[in-house]
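Notes follow the structure.
The values are calculated or read from the model by the stated rules, or taken from the named source; none is laboratory data. Note that the structure is a prediction, hence the values are computed from the model and not measured. Positions of Cβ are generated from backbone atoms using ideal geometry, with glycine treated the same way; all protein chains shown enter the neighbour counts.
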Amino acid sequence: MQTLIDRLTAVVDKNTLFLADDISEKYFADWSGADPCKPSALLKPKTTDELSQIMALCHEYDQPVVVQGGLTGLAGGATPQASEFAISLERMNGIEDIDTTAMTISAWAGTPLQVLQDSAAEHSLFMPLDLGARGSCQIGGNVATNAGGTEVIRYGMTRALVLGLEAVLADGTVINAMNKMVKNNSGYDLKHLFIGSEGTLGIVTRVVLQLQPKANSSHTALCALPDYKSVTTLLAELKRSLGPGLTGFELMWDNYYNKVLQVESDLQNPFAEDHPFYLLVEYKDNDSVSGAERFEAALFAQLEAGLITDALVAKTHQDAEKFWQIRDGIGELFKVLGPVSNQDVSLPIADIGIFAADLDQRLKQKYANIGVLLFGHIGDNNLHVCAYTGREEDKVAINRDIMLMIGEYSGAITAEHGVGVLKRDFLDQSRSDSEIALMKTLKQAMDPKGILNPNRVI
């Protein structure tokens, strides 16, 4: 390894290569809770050419690497394993270009998502990708994991927003596919090899993303519903009445909703009575007056129909923030719950209610004093499950129980956070043998030495 270090030292500057005690603990683990591990070396390239040289040398010496972005992943994909070099993309950051005519933005992979959002807003444009880690996560990691978030119901996953990208392969080859056109059927669309592959096929270095016009008004309501069937029926009705302006459909089971209110002392239950389900609905358009009227009329119609038991429409921005604070309360819960099995899974919308009830019953039969909290982006099939007993030794077993149950229901073991290390052994619960075989074929073809994020995904 020393020979490799010497050769790396010859091609990179002092701000790129870090060894031993010079490696900060920040790079030992991501947010997943996977066991921290100090990388054998840390590299922070600043340019695509520098990264290309690094990978060419690592390939020559069969040196495995783990790629790191904002380290906000929840599947352990960016946590180093023994003997790996860590490659952080944090210095490869900044906006390259905003095309206000085509409504596109080009940026380096290490650029935080919020920087892209703010840059778009300066031009009265909107970056459709949004998630709670916006201030820390990096766009390259968002692309590599095909991130989701709260706007998926209207704009789709990250994959739907990417027009082009640049990537460095395991041997240092640079693939420049920085396409800026919506229509381009010129052969294979290679960007899809890298979107969602979690850095196992190549390292994304630059991206081109589609922006949207910035909506002039946003309308938010918190609704109470009597049962899950009402939730799915309401989703269909609001899609019909509000059209593409429906941007948020965030469901909370009463167990999650009440737990957040219990933990966050500055929040009060805005409803006088308890309900089985609580739904945060968001609608955006370009006319604040007519938009508000349309939104409230749509909700009132469903109140009269009995799908909604009660509803509170946010009259101010502060009201809306309070509603979202309840929905986003999971971060505060993690501080007090102890060891938690935190899973994001995907199922057909109609099956989510049945699955949730079945899961709750099975876990409570098996584990004493278990807490099960449920919420999710139901409009795009995504359910979040948080299960905890307070015992670290139970967490692995609970993870396994949830994954196997997802297989029973023909769901997806991960909806938006990736497979990484933590879900790798359960990939066969969501993918067929032939699909996994083809994944392995692609991996072998593009990374024959297996040095890019090894032992992750497949």
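The criterion of at least 1 residues that are surrounded by 20 or more Cβ atoms within 10 Å (Cβ to Cβ) is met by the following strands (runs of 3 or more DSSP E) wholly inside segment 1-110: 41-43, 65-68, 85-88, 104-108. Which ones in segment 376-390 are part of a loop (DSSP other than H, G, I, E, B) and under 17 Å from TYR409 (Cα atoms)? ASN381 - this is the single residue of segment 376-390 that is part of a loop (DSSP other than H, G, I, E, B) and under 17 Å from TYR409 (Cα atoms). Out of segment 342-375, which residues are assigned to a strand (DSSP E or B) and either over 24 Å from ALA236 (Cβ atoms) or among the β-branched types (Val, Ile, Thr) (or both)? ASN342, GLN343, VAL345, GLY371, VAL372, LEU373 - these are the residues of segment 342-375 that are assigned to a strand (DSSP E or B) and either over 24 Å from ALA236 (Cβ atoms) or among the β-branched types (Val, Ile, Thr) (or both). Reported count of residues in segment 414-439, each being closer than 27 Å to GLY248 by Cα and in contact with a Leu (Cβ under 7 Å, 6 or more places away or on another chain), is 2. When LEU193, LEU235 are checked against the criterion of being farther than 24 Å from GLN117 by Cβ and either of a type in the set (Phe, Trp, Tyr) or not assigned by TED's automatic domain parsing to the domain that holds THR316 (or both), a single residue qualifies: LEU193. Selection within segment 138-188: residues that are more than 20 Å from TRP108 (Cα to Cα) and of a type in the set (D, E, K, R). The member of this set that is surrounded by the most Cβ atoms within 10 Å (Cβ to Cβ) is GLU151.
Results for (1) free of Cβ contacts under 8 Å to residues at least 24 places away in the same chain; (2) crowded, with 17+ Cβ neighbours inside 10 Å; (3) assigned to a helix (DSSP H, G or I), shown as yes or no for each residue.
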site	(1), (2), (3)
MET403	no, yes, yes
GLY407	yes, no, yes
ALA415	no, yes, no
VAL419	no, yes, no
LEU422	no, yes, no
ASP425	yes, no, yes
ASP428	yes, no, yes
GLU435	yes, no, yes
THR441	yes, no, yes
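Does LYS191 satisfy being surrounded by fewer than 17 Cβ atoms within 10 Å (Cβ to Cβ) and of a type in the set (Lys, Arg)? When the stated conditions are applied, LYS191 does not pass them.
Taking first residues from segment 303-325 that are at pLDDT 95 or above and partners that are of a type in the set (Ser, Thr, Tyr) and assigned to a helix (DSSP H, G or I), the Cβ contacts under 8 Å between residues at least 6 apart in sequence or on separate chains come to GLY306/SER230; LEU307/SER230; LEU307/THR233; ILE308/SER230. For first residues located in segment 188-209 and in contact (Cβ under 8 Å) with a residue 40 or more places away in the chain and within 21 Å of GLU90 (Cβ to Cβ), partners that are among the hydroxyl-bearing types (Ser, Thr, Tyr) and surrounded by fewer than 24 Cβ atoms within 10 Å (Cβ to Cβ) and lie 6+ apart or on another chain with Cβ distances below 6 Å form the pairs THR205/THR48; VAL208/THR104; VAL208/SER106.
Listed here are the residues, each with its yes/no results for (1) of a type in the set (D, E, K, R); (2) touching a helix residue (DSSP H, G or I) at 6+ places or on another chain (Cβ under 6 Å).
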site: GLN365; (1), (2): no, no
site: GLY376; (1), (2): no, no
site: ALA387; (1), (2): no, yes
site: GLU393; (1), (2): yes, no
site: ARG400; (1), (2): yes, no
site: GLU416; (1), (2): yes, no
site: VAL421; (1), (2): no, no
site: GLU435; (1), (2): yes, no
site: GLN444; (1), (2): no, no
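Looking only at residues in segment 111-136 that are within 13 Å of the chain's Cα centre (by Cα) and crowded, with 24+ Cβ neighbours inside 10 Å, which one is nearest to ASN286 (Cα to Cα)? It comes out as LEU129. Scanning segment 165-194 for residues that are over 24 Å from LEU57 (Cα atoms) and touching a strand residue (DSSP E or B) at 6+ places or on another chain (Cβ under 6 Å) gives MET178, ASN179, LYS180, LEU190, LYS191.
Among the candidates ALA357, ALA368, the residue that is within 23 Å of TYR228 (Cα to Cα) and of a type in the set (Gly, Ala, Ser) is uniquely ALA357.
The criterion of being exposed (fewer than 13 other Cβ atoms within 10 Å of the Cβ) and not assigned by TED's automatic domain parsing to the domain that holds GLY199 holds for GLN365.
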